[in-house]
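Peer 1: Provided herewith is a single structure, encoded as structure tokens, for subsequent inquiry.
The values are calculated or read from the model by the stated rules, or taken from the named source; none is laboratory data. Remember, it's a predicted structure, so these values are computed and weren't measured experimentally. FYI the Cβ positions are ideal-geometry reconstructions off the backbone, even for glycines, and counts take in every protein chain you see.
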Amino acid sequence: MNPVSFEPKQMDHVQIGERRFVKLLSSEKIQARITELATAIREDYSDKDPLFIVVLNGAFMFAADLIRACELDCEIQFIRLASYEGTTSSGVVQQIIGMQIPVAGRHVIVVEDIVDTGRTMDAFTRDIQESHPASISVVTLLLKPETLEYPFESAYVGFEIPDAFVIGYGLDLDGRARHLEDIYQLEDEEQA
Ligand code: 5GP
């Protein structure tokens, strides 16, 4: 049997339908930052048995890499809150898959892919507070400071990025592009 040859694609752009996306963050850069975030979380939570709450779908890849790198005794709960339709927010924060593990008295770390207006995290962290956790913090891979409209305080932010729609590394456009290991941003149509 012939060996399978595999050459990873070093793409600098991705085309989805009419839309063209250009590379914003390479997988090397993402992984290096995850190592730093994991080190900080391990130091802060080494004696706390944290409960990670992973926000599906976008955070699945980030959470898998981050939580492994943390090397902490922990529990993991997956939830699904809201979905974007196309490239704009539907404006609704819904809980589709809900919490099963009790939160009272737990040190909760919410794992999110991206904070845009901050509406999702503001609503969800307030929901969680009502169940009386011992503490709650948010780790987000990406934050768009220019579009933030709701209060957002987080000890752990991977990258602050410009106000542009991004895909890859878990983030999708209508279900596509989640599998990409790099992150791409929608190209400004005037520059295209
Ligand atoms: P927020 O409630 O902070 O406005 O939006 C948070 C959610 O919107 C994220 O969990 C993510 O699902 C989605 N979102 C916000 N910005 C982007 C983006 O640039 N790309 C993708 N794919 N999703 C985004």
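Peer 1: Taking strands (runs of 3 or more DSSP E) that fall entirely within segment 99-192, which contain at least 3 residues that are over 26 Å from K23 (Cα atoms) and either touching a Pro at 6+ places or on another chain (Cβ under 8 Å) or within 8 Å of the ligand (Cβ to nearest atom) (or both)? If you could, list the steps in order and put the result at the bottom.
Peer 2: On the way: elements: 107-115, 135-143, 156-160, 183-186.
Answer list for segment 99-192: 107-115.
Peer 1: Do the conditions hold for I41, that is, is it more than 16 Å from the ligand (Cβ to nearest atom), under 25 Å from R119 (Cα atoms), modelled with pLDDT of 95 or more and touching a helix residue (DSSP H, G or I) at 6+ places or on another chain (Cβ under 8 Å)? Even if it seems obvious, please write down each step before you answer.
Peer 2: Details: more than 16 Å from the ligand (Cβ to nearest atom): yes; under 25 Å from R119 (Cα atoms): yes; modelled with pLDDT of 95 or more: yes; touching a helix residue (DSSP H, G or I) at 6+ places or on another chain (Cβ under 8 Å): yes.
Spelling it out, I41 is indeed more than 16 Å from the ligand (Cβ to nearest atom), under 25 Å from R119 (Cα atoms), modelled with pLDDT of 95 or more and touching a helix residue (DSSP H, G or I) at 6+ places or on another chain (Cβ under 8 Å).
Peer 1: List, please: which pairs have Cβ atoms under 9 Å, are six or more places apart or on different chains, and start with a residue in segment 161-186 that is without any contact (Cβ under 8 Å) to a residue 12 or more places away in the chain and surrounded by 17 or more Cβ atoms within 10 Å (Cβ to Cβ) and end with one that is among the polar types (S, T, N, Q) and assigned to a loop (DSSP other than H, G, I, E, B)?
Peer 2: Qualifying pairs under 9 Å: none.
Peer 1: Step by step: first the residues of segment 31-58, then only those that are of a type in the set (D, E, K, R) and more than 16 Å from the chain's Cα centre (by Cα), then the one that is farthest from G168 (Cα to Cα). Which residue is that?
Peer 2: To start, the set of residues in segment 31-58 that are of a type in the set (D, E, K, R) comprises 33, 36, 42-44, 47-49.
Cutting the leftovers down to more than 16 Å from the chain's Cα centre (by Cα) gives us 42-44, 47-49.
Numbers: R42: 26, E43: 29, D44: 29, D47: 34, K48: 32, D49: 31 Å.
Filtering first and then ranking leaves D47.
Peer 1: Could I ask something else about it? Identify, please: which residue in segment 49-65 is in contact with a Lys or Arg (Cβ under 9 Å, 6 or more places away or on another chain) and not hydrophobic (A, V, I, L, M, F, W, C) and is, among those, modelled with the lowest pLDDT?
Peer 2: The residue in question is N57.
Peer 1: Using the structure shown, decide if Q95 is more than 17 Å from F152 (Cα to Cα), at pLDDT below 95, more than 12 Å from the ligand (Cβ to nearest atom) and under 18 Å from the mean Cα position of the chain (by Cα).
Peer 2: Working: more than 17 Å from F152 (Cα to Cα): yes; at pLDDT below 95: yes; more than 12 Å from the ligand (Cβ to nearest atom): yes; under 18 Å from the mean Cα position of the chain (by Cα): yes.
In short, yes.
Peer 1: Read through the list (1) surrounded by 14 or more Cβ atoms within 10 Å (Cβ to Cβ); (2) at pLDDT 90 or above; (3) within 12 Å of the ligand (Cβ to nearest atom), then give the number of the only condition that Y84 fails.
Peer 2: For Y84, the exception is condition (2).
Peer 1: Only residues that are in contact (Cβ under 8 Å) with a residue 40 or more places away in the chain, of a type outside the set (K, R) and out of contact with any helix residue (DSSP H, G or I) (no Cβ under 7 Å at 6 or more places or on another chain): list them for segment 15-38, please.
Peer 2: Within segment 15-38, I16, F21, V22, L24, L25, S26, S27, I30 qualify.
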